[in-house]
Every structure is written in C-alpha cells, then in structure tokens.
Amino acid sequence: MKKTKVAKNALKEKMPKSVKKIEVTCVVCHKKIMVYEARVERYKACSKTCLREYQIRNRKEVACIICGKKSIVNASRARHYKTCSKECLGKHTANVLSRRVPKKCIVCGKEFQVKTSSKNRRHHCSKRCQAVTYSQKYLGLNNPNFRDRKLYNGYAIGLDKGGKSGKIHRAVVYEHFNIENVPNSYSIHHRNANKLDNRIENLALLDVKDHKWLHHQFGNAILNAIFANKISIDQVCSYSKDPIKAKQLLSICILDEAIVNDKVIYQK
C-alpha cells in the first residue's frame, strides 16, 4: 500500500499544472460540477442516473427495413439502425449479397446480371468471351509469363518449313542435309562463335567431345578472329596441345561434310 501511495503521489507531481477545470451544469438535474477542459464539449450528466435519464429523454423512434416493426432506441443507435432482430438482419444481408445489376458484355454485347460486389470486375458474360479479350490483351510482351522466344540460351528462335518453332541453326542443317535430326553424338558448331550467325558456311557438325575440346582450347574471341582471317590457323594451332587435331577441327565446314548411315563424313 505504501508503494501504491508513493506512486500515485509521484504521478500527481508529474502531471502538468496547466490543466484547468471549468464549471459545467448537468442537463438533467442542473447540478454544477467542475470538470477538466477536455471533457467540456462532451459533458452531459453529472452521474449515471442523470445520464440514463438524458438517454431516455432523447430516444428516437425507428422502423425495421425488413418487417417495418417500430422501435424506440437511443439516439446513438438510431443513426445506424437497420433491423429489429437477428432474423431480419439475416434477410437484409442476404438481399444485399444477392442483389444483381445489369451489365453488357464488351465482346458479344449480350446483357447479363452480376452481383453488386462484382460489378466493377465482371465485364464478360462467359469464359469464352473472357478468353477472347485475354488473348488480345495479354499477347506477347503484355503477358506476365511471356518469355522472349526470339532467343533461347543465346540461339535464335524461328519457324521451320513445317511451321514448328525451334532453333534456326538446326533448321538450316536439317534443310541442307534433308534430315529430321542431328546424328547421335554430334552437335552443331558455330565457327565464329556467334550463335546468331546461322549462315551455312558458318556451321559445322562436330563430335560432342571434339566440340567441347575446341571451345576449351580456344575462346570465342580467337574463333571469331580465325573465321574473319585476322589470325592464321597455323599460328593458333602452334599453341594448342594437339596442333593436328586443332587444325583439322578448325578447317571443317558443313559444306564439306556429308551424312552416310547416320555418320558424318568429312569429304575435303
């Protein structure tokens, strides 16, 4: 108890001395009382009894919007009063949720009914009309899931003669040899290391292991310089671990190759 009194006294000492009390009059019994300045505007009664009497005097008559039953409620409740019971409240809620408004489909022009909660979101009468709009609105770059299909891992993408999407350098090889797929254990090599340069003279069919070995031996810059005749093959091969193999692979072009029984033959 001593600690409580000490704490209360400390709080009183900390309270600002500028807080003023103003004399007000009870609207029921007309009793005068001193209250803080902050309570003056909302002060009505001096006690709970007077407050209850004040509320009774200011009661208002309201009517239920469902059954029409009249009731007398306090003024604070009359401002947002709607129904007299839970049963009427349930009917009112159902009416609000099931209320529908007419709208016109933006695709076919057909009129249809929508809920009030969906009137700003629904613009189509069916999924089919919605698909028509989405196929135009979210086409290509406008689609959040769209990927730039012009390139795939650095390779150019296009359509072959059959209308199928695929890598352009593969389509060039297929058309040149009149085949449907590259022979097993072979891959297509870009001689100047430019994946977008799909000219027939820039391509070569190499064994997968030889292809990896060639790129490991010489970087893209050196391969490009060789193809552009900025540096000789003999000079480059002199720095290789296997000069004979390097010279043979660097000289291969697809125009000098042929495919016999799923095997690539170098004819030059």
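The values are calculated or read from the model by the stated rules, or taken from the named source; none is laboratory data. The model shown is predicted, which means the values in this text are computed figures rather than measured ones. Heads up, the Cβs are rebuilt from the backbone with ideal geometry, glycines too, and the neighbour counts pull from every protein chain shown.
Residues that are surrounded by 13 or more Cβ atoms within 10 Å (Cβ to Cβ), at pLDDT below 90 and not hydrophobic (A, V, I, L, M, F, W, C) do occur in region 119-132.
The C-beta contact set for region 174-191 (first residue of a type in the set (S, T, N, Q), second residue modelled with pLDDT of 90 or more, distance under 7 angstrom, 6+ apart or interchain) comprises Ser185/Asp207; Ser185/Val208; Ser187/Leu206; Ser187/Val208; Ser187/His211.
If you go through region 91-116 and keep only what is closer than 23 Å to Tyr134 by Cα, in contact with a strand residue (DSSP E or B) (Cβ under 7 Å, 6 or more places away or on another chain) and of a type outside the set (S, T, N, Q), you end up with Pro102, Lys103, Lys104, Cys105, Glu111, Phe112, Val114, Lys115.
Of the residues making up region 216-239, those that are under 44 Å from the mean Cα position of the chain (by Cα) and either within 23 Å of Ile259 (Cβ to Cβ) or of a type in the set (A, V, I, L, M, F, W, C) (or both) are Phe218, Ala221, Ile222, Leu223.
Please report, ordered by residue number, the helices (runs of 4 or more DSSP H) entirely within region 85-179 with at least 2 residues that are at positive phi. Where helices (runs of 4 or more DSSP H) fall fully within region 85-179, none carries at least 2 residues being at positive phi.
What are the residue pairs meeting all of these: first residue in region 99-113, first residue modelled with pLDDT of 90 or more, second residue among the small types (Gly, Ala, Ser), Cβ atoms under 6 Å, and 6 or more apart or on different chains? Hits for this filter: zero, empty list.
Hey, can you tell me all the residues within region 153-173 that are among the aliphatic types (A, V, I, L, M) and in contact (Cβ under 8 Å) with a residue 40 or more places away in the chain?
The answer is Ala156, Val173.
Conditions tested, residue by residue: (1) among the polar types (S, T, N, Q); (2) within 20 Å of Cys29 (Cα to Cα); (3) surrounded by 15 or more Cβ atoms within 10 Å (Cβ to Cβ).
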| residue | (1), (2), (3) |
| --- | --- |
| Ser47 | yes, yes, no |
| Cys50 | no, yes, yes |
| Arg57 | no, yes, no |
| Lys60 | no, no, no |
| Ala63 | no, no, no |
| Val73 | no, no, yes |
| Arg79 | no, no, no |
| Cys84 | no, no, yes |
| Thr93 | yes, no, no |
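Among the residues of region 36-53, is any assigned to a strand (DSSP E or B), farther than 30 Å from Thr93 by Cβ and at pLDDT below 90? Within region 36-53 (the criterion being assigned to a strand (DSSP E or B), farther than 30 Å from Thr93 by Cβ and at pLDDT below 90), the answer is yes, since at least one residue qualifies.
Residue by residue, here is whether (1) on the phi > 0 side of the Ramachandran plot; (2) in contact with an Asp or Glu (Cβ under 6 Å, 6 or more places away or on another chain); (3) not aromatic (Phe, Trp, Tyr) holds:
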position	(1), (2), (3)
Arg199	no, no, yes
Leu205	no, yes, yes
Val208	no, no, yes
His215	no, no, yes
Phe227	no, no, no
Asp242	no, no, yes
Ile254	no, no, yes
Lys263	no, no, yes
